[in-house]
Amino acid sequence: MLPETLAFTLEVTAPVFLLVFLGLFFARIGWINDEFNRVASRLVFNVTLPLLVFLSLVKTDLDKVFVPELLGYVALVTLLAFIWLVWRAKRLEDPADRGVFVQGAFRGNLGIVGLALAGNQYGEAGVALASILLALLIVQYNLLSVVALSLWRHAGGINWPRMGLDVLRNPLIIAVFLAIPFSLLDWPLPDVGLKTADYLASMTLPLALLCIGAALDLGALRKTSRAALSSTAYKLLLLPLPMVLGAWLLGYEGLTLGVLFLIFSCPTAAASYVMARAMGGNAVLAANIVALTTLLSTLSISLGVFLLRFIGLS
């Protein structure tokens, strides 16, 4: 039982994180530069990742993965986690650290790492469920991130209309809403279009994971602070544990519980650094949290997948 569970865990997590470290290695030897990373990341975000989400949903029976009660649970625990983190952040001395600490502790890299892990473990059904959750959490994460970074910001306020427009124009949100009628009404798609979309979608996760690794700033870890370590602990351990436990107590198990764990325990999204810098937060702290959670999640997620598999809950 133990060797089989360990082998299963490595099959799920090792390919994902090996690609991240390969991206870091390729950047170090000059095979990937900043310009490549910028262009490739834009291609993934605007084209290949939306296609991956769209195809996963089109090929899946949404009646099996679209559960309003599950979406409600995810939205509620995310909001409760956010409220707790805001209260916890008040203990930090520097106001510029507080919003960054909060954002780093709850905003996960669902679109890349979450989907990759869900696909490795559960195939298209896992990607479909993760995509549904992704559509909800993209909106919630963006709203709460702006709120967190604005709470202790002296200049300016929250531009709600612009933020709402940015959410509606998000390619992943558009992909989800386009896929829903195709799936529910069983609309046919031309074979040529499907084949082309499959080719593009298959590029998504390898290319995106390489870009994450290439963008990692290990030098930032030398400036790691107590705030960064605390935010990392919340992101990888202190929040996923009660969130997954609550879902289990509500009766979720198997694919659903496994995907929830992968979604809740993802490392911090790299976009949190961009937003922190744009809104006057501590950008160095944001970079530290992204680097720390990405590196340490190789252990925390592998351990979580192992335990859930070992005790028969996923």
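Calculate one ³J(HN,Hα) per residue across segment 143-150 by plugging θ = phi - 60° into the Karplus curve 6.51 cos²θ - 1.76 cosθ + 1.60, and present them in order as whole Hz with x for glycine and proline.
With coefficients 6.51, -1.76 and 1.60, one gets 4, 5, 5, 5, 4, 4, 6, 8 Hz.
Over the chain, what relative contact order in percent results from Cα pairs under 8 Å that are six or more residues apart? Please list the in-between numbers first.
Values: 413 pairs, mean separation 102.4, N = 314.
Averaging sequence separation for qualifying contacts and normalising by length gives 33 percent for the chain.
To test your reading of the geometry: what angle, between 0 and 90 degrees and rounded to tens, separates the Cα axis of helix 240-249 from the longest principal axis of the chain?
The answer is roughly 50 degrees.
How far apart, in nm, are the 7 Å Cα→Cβ label points at S202 and D34?
3.4 nm
If amide hydrogens are placed 1.01 Å from N in the peptide plane, which non-local residues have theirs closer than 5 Å to the one on G108?
Under 5 Å from the amide H of G108 lie the amide H atoms of A269, each far enough along the sequence or on another chain.
Can you show me the helix-derived [θ] at 222 nm for the chain, built from DSSP H runs with n ≥ 4 at -39,500 (n - 2.57) apiece and divided by the number of residues, rounded to the nearest 500. Don't skip to the end; give the middle numbers.
Values: 16 runs with 234 residues, N = 314.
Estimated from H runs of four or more residues: -24500 deg cm²/dmol.
Using 0.36 nm per residue, how much length does the chain from V192 to L79 gain when fully extended, once their Cα-Cα distance is taken away?
On the way: separation 113, 0.36 × 113 = 40.68 nm, distance 4.27 nm.
The V192-L79 span can extend by a further 36.4 nm.
How much FRET efficiency would the formula 1/(1 + (r/R0)^6) give for V147 and L245, where r is the Cβ-Cβ distance and R0 is 25 Å, rounded to 0.05? Before the final figure, lay out each step's value.
Working: r = 26 Å, r/R0 = 1.05.
E(calc), rounded to 0.05, equals 0.40.
We did not get these values from a lab; they are worked out from the coordinates using the rules stated. Note that the structure is predicted; figures quoted are calculated from it, not measured. So basically every Cβ, Gly included, is an ideal-geometry build from the backbone, and we count neighbours across all protein chains shown.
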